[in-house]
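Every number in this text was worked out from the coordinates using simple rules, so none of it is lab data. Keep in mind it's a predicted model, so treat the numbers as computed, not measured. We place every Cβ from the backbone using ideal geometry, glycine too, and count neighbours over all the protein chains shown.
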Amino acid sequence: MRKLAITKEAHAFVRTLDAKQFKQVMNKVLALLIDSKPQDSSALHGYENFLRVDCGEYRIVYEL
């Protein structure tokens, strides 16, 4: 079972988004719980076990 752990900084940032962007970002984050390596994800260079995925004008960085 996967676990979602959001940093305090990420939580504070997401709270500043307007409703449309908030929905886009949170939908993508929750989708990562189902498929942790979607087709549009890629490895984050220089960091082991970290991946990134784009969501509109934002980039989500996460660790497996």
Inset, instruction - Grab the other residues whose beta carbon is less than 13 angstrom from that of Glu63, score K and R as +1, D and E as -1, and report the net. - result: +3
Legend entry - Environment charge at Ser42 (Cβ cut-off 11 Å; Lys +1, Arg +1, Asp -1, Glu -1): +1
Inset, instruction - State log₁₀ I(q)/I(0) for the chain at q = 0.17, 0.24, 0.28, 0.30 Å⁻¹ as given by the Debye formula over alpha-carbon point scatterers of equal weight, solvent excluded. - result: -0.60, -1.17, -1.44, -1.50
Legend entry - Relative contact order, percent, the chain [alpha-carbon distance under 8 Å, six or more residues apart]: 22 percent
Legend entry - Over the chain: helical MRE at 222 nm, DSSP H runs n ≥ 4 each giving -39500 (n - 2.57), nearest 500: -11500 deg cm²/dmol
